[in-house]
1. Report, in deg cm²/dmol and to the nearest 500, the calculated mean residue ellipticity at 222 nm for the chain, where each DSSP H run with n ≥ 4 adds -39500 (n - 2.57) and the sum is divided by the residue count.
2. K125 to H105: FRET efficiency via 1/(1 + (r/R0)^6), r the Cβ-Cβ distance, R0 30 Å, to the nearest 0.05?
3. Please compute the length gained on full extension between I23 and K51, using 0.36 nm multiplied by the number of residues separating them and subtracting their Cα-Cα distance.
4. Using the charge dipole of the range 85-127 (Lys, Arg: +1 at Cβ; Asp, Glu: -1 at Cβ; taken about the Cα centre), state which of S98, A117, T88 has its Cα farthest towards the positive end.
5. Under the √(5λ) rule applied to the eigenvalues of the Cα gyration tensor, what semi-axes describe the equivalent ellipsoid of the chain? Give them in Å, descending.
6. Tell me the carbon and sulfur percent of the accessible area for the range 41-127, rounded to whole percent, probe radius 1.4 Å.
7. Which semi-axis lengths, in whole Å and largest first, follow from the square roots of five times the eigenvalues of the Cα gyration tensor of the range 1-52?
8. Rounded to the nearest 0.05, what FRET efficiency do E81 and S59 give with R0 = 35 Å and r taken as the Cβ-Cβ distance? Could you check?
Amino acid sequence: MAAEAIISDTTLMGILVVLGMVIVFLIIREIRIMKTANRSVELELERDKLKLLQQHEASKVFSFTRLSTEQTAAIRQVEEENAILETTIYAKEKLLESRMTRLEHLVKERKLDNLIANEEVQERKVK
């Protein structure tokens, strides 16, 4: 009877704890693999979307080789007129902003002069 293998309670608990840790490790590993696989599928889907968008944009580009020289000349002329108009508008806006700033400063200066004059009158009244 002394040859019987008797497993003590502490040894059994130790084996169960190690077995439980191995099971938890395997569960965590599977969860991480599953998340990684999902992320790689999402990235592949995003790449496919980008490729489709690039193909769509490339198909939308209109080739100027199909236009005649008169048509391209007309387009260039309109673009040049637009650029000239944009420059003129920008210059007028800057001039208006400068004049508005000058007007604001003049009004502020006049207001301060009036306040100083009023303050001097009040000082004379007090004396």
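The values are calculated or read from the model by the stated rules, or taken from the named source; none is laboratory data. Since this is a predicted model, take the numbers as computed values, not measurements. Note that each Cβ is placed from the backbone with ideal geometry, even for glycine, and that neighbours are counted across all protein chains shown. Ligands, DNA and RNA are excluded from the accessible area calculation, which covers all protein heavy atoms including side chains. Shrake-Rupley method; radii C 1.70, N 1.55, O 1.52, S 1.80 Å.
1. The helix-only estimate for the chain comes to -32500 deg cm²/dmol at 222 nm.
2. Efficiency, from the Cβ-Cβ distance: 0.45.
3. Full extension from I23 to K51 adds 5.9 nm.
4. A117
5. They are 81, 47, 5 Å, listed largest first.
6. Within the range 41-127, the accessible surface is 59 percent carbon and sulfur.
7. Largest first, the range 1-52 gives 50, 8, 4 Å.
8. My answer for the efficiency is 0.70.
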